[in-house]
1. If you take every DSSP beta bridge whose two residues both sit in the chain, what share of them, in percent to the nearest 5, is antiparallel?
2. Stokes-Einstein D for the chain at 37 °C, 0.692 mPa s, Kirkwood Rh over Cα pairs, in µm²/s?
3. Take every Cα pair under 8 Å in the stretch 2-241 that's 6+ residues apart, average their separations, divide by the length, and report that relative contact order as a whole percent.
4. Between Leu55 and Thr129, what's the calculated FRET efficiency when r is the beta-carbon distance and R0 is 41 Å? Round to 0.05.
5. Given the C-alpha centroids of the stretch 2-57 and the stretch 104-120, what is the distance between them in whole angstrom?
6. What does the C-alpha gyration tensor say about the overall shape of the stretch 86-218? Classify as rounded when a/c is under 1.5, otherwise prolate if a/b is larger than b/c, or oblate.
7. Can you flag which of Lys35/Lys144; Lys107/Lys130; Lys59/Lys107 are past 20 Å Cα-Cα?
8. With a 10 Å radius around each residue's Cβ, average the other Cβ atoms per peptide and rank 73-82, 11-20, highest first.
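Bear in mind that the values in this text are calculations on the coordinates, not laboratory data. These numbers come from a predicted model, not from an experiment. A quick note on method: Cβ atoms are made from the backbone with ideal geometry, for glycine too, and the neighbour counts reach across all protein chains shown.
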Amino acid sequence: MKKIASYFYYIYFGIIYLIFSVILYLPIYFFVNGKNKYTVAKRIKFFWSKWMSFLIGIKVDAKKESSIDLQKNYIICANHKSYLDIILMYLVLDQDFAFLGKSELLKWPVINLFFKRGVDIPVYRNSKTKASECLIIAEKEIKKGRSVVIFPEGGWDNAEKGMRKFKNGAFQLAIDTQCPILPVTFKNNYDLFTDHKDISGNARPGIAKVVVHNPIAIDNLSRQDLVNLREQTFNIINKELYSED
């Protein structure tokens, strides 16, 4: 019975997503452009995230470890095992940020337009050259005062229970730009919505629990500190994943 309910929830989720794709296509196409594209994109993304999550029955319980200065920009590093991570990030942080997302997202309606407009940054994992180029683009966005969201695991597999080892890109970028890391833990998104290709998995309404951790300062760090920074960020998120609420 639970699997049947999950199956219909996947279908319902897909229908809601397609409805928003139709509603938002023209506003994104015509207004996410020019010098104000980041401001307009942020408003549209928040609208989409708020009402999409409402209609699919997902509420967000976001806790911040301290008062975070959202006037500053960050490299936001989060664990990633659900597409809810993308949708809900806009509700968790009221800030302009660029997603570094896998190039496969260019096939997704609505989301792909933000990449094509230069609001978000596609990552081509099958090419080292293009992967390096995306970090150069991200560095330029940081210098503009924008934040950047990176899922440092580089993907997920439903068969894997824990987090994958973090890749170096986010931490190389942080050191090169001297931009602080902001760790974010999505505690239970995987339990609410697994990969849409796995129709036998979890899919249901519920409360998404999120923790935004204290920023990690990068002042005076060098490439020699990269591994320690990477492991520090991993341990913060991983510890929260297994902590009691």
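1. The antiparallel proportion sits near 20 percent.
2. Roughly 177 µm²/s, to the nearest whole number.
3. 27
4. My answer for the efficiency is 0.50.
5. If you average the Cα positions of each part, the centres end up 12 Å apart.
6. It is prolate, given that a/c is not under 1.5 and a/b is the larger ratio.
7. Where the Cα-Cα span goes over 20 Å, the pairs concerned are Lys59/Lys107.
8. 73-82, 11-20
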